[in-house]
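Every number here is computed from the coordinates shown, using simple stated rules; none is lab data. All values reported here derive from a predicted model rather than from experimental measurement. We place every Cβ from the backbone using ideal geometry, glycine too, and count neighbours over all the protein chains shown.
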Amino acid sequence: MANPRRVIIRVCVTDIPAANPQERVYRLGRDFCQQILQRSFNNNLQDECHDAMHFLPNFDSENNVKAWFIYDFDVTGPLSKEEVLTIPHEVYHATRKENTWIFTPRERWIVEGRKYCSMYTWGGSRAAR
């Protein structure tokens, strides 16, 4: 059974281990799923229930900057902006200590995060087609 949720993560982009900056969005989503959701990250858009990544500004920066990352988990179909506002949203600040992620929940960021992120199509841009 799908439990749709949107997760917003704030992280220093150079903390994300990836062979190249374009792989950061997938790597952070995969690591979050394994550590927090205790499951694999499923970005196979052909599956009835999958996970979606959003590519926001600065995700591929070569500089030591913080950026926002948005993930939609358990996508089974499109949702309107109003529907997206009703699903659970979680916000985390992510840091790395050696080879381990520390995902710290930031409940006080949820209200603003929910409002701002509602501009992003549920399930990513492909879902809007």
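From the phi of every residue in the stretch 32-37, what ³J(HN,Hα) in whole Hz does the Karplus formula 6.51 cos²θ - 1.76 cosθ + 1.60 yield, where θ is phi - 60° and glycine or proline is x?
My calculation for the stretch 32-37 gives 4, 4, 5, 7, 9, 8 Hz in order.
Among the trypsin sites (Lys or Arg not before Pro) in the stretch 13-120, which ones are in a DSSP loop with at most 12 other Cβ atoms within 10 Å of the Cβ? Mind listing them?
Passing sites in the stretch 13-120 are Arg39.
Using amide H atoms built in the peptide plane, which far-off residues or other-chain residues are under 5 Å from Tyr92 H to H?
Ile8, Ile9, Arg10, Arg106
Within straight cross-link reach of Lys81, meaning Cα distance under 24 Å, which lysines are found once same-chain residues fewer than 8 apart are removed?
Answer for Lys81, where 24 Å is the Cα cut-off: Lys115, listed by chain and number.
What are the GluC sites (Glu not before Pro) within the stretch 1-87 that DSSP puts in a loop, where the Cβ has at most 15 other Cβ atoms within 10 Å?
Listed in order of number, the matching sites are Glu48, Glu62.
How high is the relative contact order of the chain, in percent, with contacts defined as C-alpha pairs under 8 Å that are six or more residues apart?
Computed over the chain, the figure is 32 percent.
When the helix-only estimate is applied to the chain (DSSP H runs of n ≥ 4, each -39,500 (n - 2.57), divided by the residue count), what is the mean residue ellipticity at 222 nm, nearest 500 deg cm²/dmol?
The helix-only estimate for the chain comes to -4500 deg cm²/dmol at 222 nm.
Calculate the dipole size of the chain relative to its Cα centre from +1 charges on Lys and Arg beta carbons and -1 charges on Asp and Glu beta carbons; express the result in debye to the nearest 20.
Dipole size: approximately 280 debye.
Could you tally the net charge around Glu107, taking each other residue with its Cβ under 14 Å from the Cβ of Glu107, Lys/Arg +1 and Asp/Glu -1?
Summing Lys and Arg as +1 and Asp and Glu as -1 gives +2.
For a paramagnetic label modelled at 7 Å from the Cα of Asp74 toward its Cβ, which residues of the stretch 24-44 fall within the zone defined by backbone nitrogen distances under 11 Å?
No residue passes the distance filter.
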